[in-house]
Amino acid sequence: MKKLLALIFVALCTISIKAQTDDPITFADSKVKEICVANWDANKDGELNYDEAAAVTSIGQVFYGNSEITSFNELQYFTGLTSIGDQAFRYCYGLTSIVIPSSVTSIGSGAFYGCFGFTSISIPSSVTCIGNIAFSDCSGLTSIVIPGSVTSIDGYAFSGCSGLTTITVEAGNPVYDSRNNCNAIIETATNELISGCNNTVIPSSVTSIGDYAFRNCFGLT
């Protein structure tokens, strides 16, 4: 009897999970839904379900330059993504929020370049690489946290983020630090400050300041 009940329980759980993954995702932004359905609606039912989202491995540049989209928090359900590709959301001026899935390990060159609608963005602890000009000219960003997992930040990743007042590298990062709560990104091995902001206090241990480290820090006093 116990074995039968256990089998029934497993069957019910399986049905429940199947129903959930087959369910359509509710998008807050109708334009984002339109683009997602046009590109990844495998069963052609006019919706994007959780299975279809999880099957996407690359989003390419289908959102590039689209100033109409405002939010894409549903990106978190694209659990097959391992990277946000080059220029993926470049010039999406109206985009104010996005949730990067924890499957992503790299953020490509210019991925969010010019997305000045952002005030904050969460970089998941799965990310190891942030590409060249990835967040450049995101002038609305006020704070950024670099996870301990990030071991590569290419040139000018945060150049032109004129609204930044807080930059923090998580403790334990093997390559970068924000020593003495300096509000900057410092390459630990070379003591080079590679990215600063309006509230940066340069530690005395810094021996060089990288190219464009304070570009467009209009609030720097």
- Query: Checking Ile144 against (1) closer than 19 Å to Ser106 by Cα; (2) in a loop (DSSP other than H, G, I, E, B); (3) β-branched (Val, Ile, Thr), which test does it fail?
  - Reply: (2)
- Return a yes/no flag: does the stretch 39-60 have any residue that is under 24 Å from Arg90 (Cα atoms) and among the hydroxyl-bearing types (Ser, Thr, Tyr). yes
- Query: Would it be correct to say that Gly131 is open to solvent by less than 10 Å² (accessible area, probe 1.4 Å), in contact (Cβ under 8 Å) with a residue 24 or more places away in the chain and under 23 Å from Asp154 (Cα atoms)?
  - Reply: yes
- Ser58 passes all but one of (1) modelled with pLDDT under 95; (2) outside any loop (DSSP other than H, G, I, E, B); which number fails? (2)
- Under 9 Å between Cβ atoms, at least 6 apart or on separate chains: pull out the pairs that start in the stretch 100-118 with a residue that is free of Cβ contacts under 8 Å to residues at least 24 places away in the same chain and end on any residue that is surrounded by fewer than 19 Cβ atoms within 10 Å (Cβ to Cβ) and not in a loop (DSSP other than H, G, I, E, B). Phe118/Ser97
- Taking Ala157, is it within 25 Å of Ser71 (Cα to Cα), crowded, with 23+ Cβ neighbours inside 10 Å and touching a Ser or Thr at 6+ places or on another chain (Cβ under 8 Å)? yes
- So how many residues does the stretch 61-82 have that are of a type in the set (Ser, Thr, Tyr), open to solvent by 40 Å² or more (accessible area, probe 1.4 Å) and not in a loop (DSSP other than H, G, I, E, B)? 1
- Under 7 Å between Cβ atoms, at least 6 apart or on separate chains: pull out the pairs that start in the stretch 26-52 with a residue that is under 20 Å from Ile98 (Cα atoms) and end on any residue that is of a type in the set (A, V, I, L, M) and open to solvent by 70 Å² or more (accessible area, probe 1.4 Å). Glu52/Ala42
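The values are calculated or read from the model by the stated rules, or taken from the named source; none is laboratory data. Fair warning: this is a prediction, and the values are worked out from it, not measured in the lab. Cβ atoms come from the backbone with ideal geometry, glycine included; neighbour counts cover every protein chain shown. These accessible areas exclude ligands, DNA and RNA; they are computed on the full protein's heavy atoms, side chains included. Shrake-Rupley method; radii C 1.70, N 1.55, O 1.52, S 1.80 Å.
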